[in-house]
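Here's the structure we're looking at; comments come further down.
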Amino acid sequence: MNDPTASFQATSAVSARAAQLASIPSFQRVDAYITQADVRRQGQADICDFTFGNPHQMPPDRYVDTLRDALTPRNDQWFAYKTNGAGAREAAAESLQRLLDVPFRAEDIYLTTGGFAAIALALKTVADPGDEVVYSLPPWFLYEPLILEAGLVPVKVKANMATFDLDLDAIGAAITERTRVVIVNSPNNPTGRIYSAELLLRLAELLEAASARIGRRIYLVSDEAYNRIVFDGLRFHSPVEFYAHTLLAYSYGKTHLSPGQRVGYLALPPTLPDRAAMRPAITGLQVAMGWVYPNALLQHALPELEQFSINVGQLQRRRDRLVDALGGMGYRLQPPEGTFYLYVTSPVPDDEAFTESLARRDVFVFPGVLFETPGFFRISLTANEDMIERSLPAFQAAIKESSA
Ligand code: PMP
């Protein structure tokens with residue numbers, strides 16, 4: 001048996017795991033950028049904040065009314081401990097079935113405090129410490145801490161940066177006997193790419209063959225936080241349609257642009273052969289991970305929350321405005337097919353220097369280094385129209401300066 005206290009140092013107040021997490025470079029950088037934006041924000045209501053996918057306008061009345069209604073108790077158990085509430089599970093399963101045309105069952109929906117916990121739960125359900133988790137760069141920058149916190153080993157492969165598609169050869173080459181999970185994020189943060197059915201089918205074939213080769217099942221964790229944030233009437237395809245050994249993580253924080261209200265789920269598709277064994281394991285983990293169930297209020301609200309979303313058309317118009325305006329100025333970019341983000345090629349290789357030149361003009365974006373792909377920067381489309389219009393002269397001046 002490993003001695004759990006072996007790495008404890010009497011001189012340090014901080015556990016080895018916590019110290020490891022705190023030292024992740026992209027994690028530290030995000031923290032530094034938050035601080036920077038916060039400092040400059042003080043006393044300056046007019047900055048253009050394109051950093052996080054946060055709301056910059058008042059929430060829709062329907063969202064507020066839904067929460068207000070859910071707050072009114074109907075019985076004396078209204079605010080009692082809640083686990084995987086039946087009504088919420090049922091509503092989520094039906095909605096997922098409508099979206100993906102896959103007959104999800106209510107008992108296979110595990111309600112969580114957002115996408116973060118759903119991903120952590122998926123990882124801990126199938127992987128043991130030391131197992132490897134493969135994912136593509138540029139990634140959502142918080143996969144790494146979730147993987148490390150679970151005692152797992154991140155294995156990063158670069159996406160095809162010309163198309164923003166998965167590089168299947170690179171994924172295949174990264175698989176070892178320790179590989180247990182491949183994380184796939186479509187629609188993708190930060191690239192906005194939606195992977196095609198054909199690509200997902202080829203990925204499924206690759207994982208099937210690789211699992212047979214290593215003699216151990218590789219699971220796919222599908223991070224679908226943005227599966228309702230899709231533009232141009234495109235059809236989103238989930239990996240669950242192609243690979244039975246997929247666990248699906250979802251967050252309502254994107255659909256309602258309300259990330260401070262923590263609710264999401266982990267869903268197991270009806271095709272997943274090991275569901276029966278996973279059920280008690282997952283519910284055990286939900287408790288042991290610190291009761292990662294959504295608050296009672298959000299569980300009561302969930303059936304109604306399933307009936308609507310933010311105005312995706314408005315988000316698409318903001319995308320169009322920025323894509324046209326920045327393209328016209330000479331920025332190189334691929335219009336995102338979904339999500340909140342636009343991933344733009346930095347006019348100069350040093351993306352941090354370029355984002356700094358925008359910051360000097362009170363326009364805040366995230367540099368590609370945060371997503372482990374220098375040479376790009378990310379713009380969040382959740383900024384309001386006023387910010388977008390005010391930012392355009394700054395984008396123009398910054399690209400002009402870079403070529404001077
Ligand atoms: N996955 C991706 C790709 C994300 O962008 C985010 C949030 N930025 C999450 C998961 C987590 O979502 P939540 O904060 O709603 O838990």
Report task. List every residue pair whose Cβ atoms sit under 6 Å apart, with the two residues 6 or more apart in sequence or on different chains, where the first one lies in segment 309-328 and is under 20 Å from P59 (Cα atoms) and the second, anywhere, is open to solvent by 20 Å² or more (accessible area, probe 1.4 Å) and of a type outside the set (A, V, I, L, M). Result -> S309/R228
Report summary line: Screening D108, D69, D101, D49 for residues that are in contact with a His (Cβ under 8 Å, 6 or more places away or on another chain) and of a type in the set (D, E, K, R) leaves only D49
**Report entry** Candidates L168, L121, L146 - the one that is touching a strand residue (DSSP E or B) at 6+ places or on another chain (Cβ under 8 Å) and open to solvent by less than 40 Å² (accessible area, probe 1.4 Å)
**Finding:** L121
Report task. Take segment 75-101 and flag every residue that is out of contact with any helix residue (DSSP H, G or I) (no Cβ under 6 Å at 6 or more places or on another chain), under 24 Å from I183 (Cα atoms) and open to solvent by less than 50 Å² (accessible area, probe 1.4 Å). Result -> A92, S95, L96, L100
Report task. Please give the number of the condition T382 fails out of (1) surrounded by fewer than 20 Cβ atoms within 10 Å (Cβ to Cβ); (2) among the β-branched types (V, I, T); (3) closer than 25 Å to R62 by Cβ. Result -> (1)
Query - Any hit, segment 206-214, residues being touching a helix residue (DSSP H, G or I) at 6+ places or on another chain (Cβ under 8 Å) and away from the ligand (no atom under 16 Å from the Cβ) - result: yes
Report task. Kindly indicate whether any position in segment 183-195 is open to solvent by 60 Å² or more (accessible area, probe 1.4 Å) and either touching a Lys or Arg at 6+ places or on another chain (Cβ under 8 Å) or away from the ligand (no atom under 16 Å from the Cβ) (or both). Result -> no
Query raised in the report: Between residues in segment 112-124 that are within 8 Å of the ligand (Cβ to nearest atom) and residues that are assigned to a helix (DSSP H, G or I) and open to solvent by 10 Å² or more (accessible area, probe 1.4 Å), which pairs lie under 6 Å by C-beta distance while being six or more apart or on different chains?
Result: I119/L146
Query raised in the report: Can you name the residue in segment 233-291 that is without any contact (Cβ under 8 Å) to a residue 24 or more places away in the chain and among the small types (G, A, S) and, of all such residues, is farthest from the ligand (Cβ to nearest atom)?
Result: A276
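The values are calculated or read from the model by the stated rules, or taken from the named source; none is laboratory data. Only a predicted model underlies this, so the values are computations on that prediction, with no experimental measurement involved. A quick note on method: Cβ atoms are made from the backbone with ideal geometry, for glycine too, and the neighbour counts reach across all protein chains shown. For accessibility, only protein heavy atoms count, side chains too; no ligands or nucleic acids. Shrake-Rupley method; radii C 1.70, N 1.55, O 1.52, S 1.80 Å.
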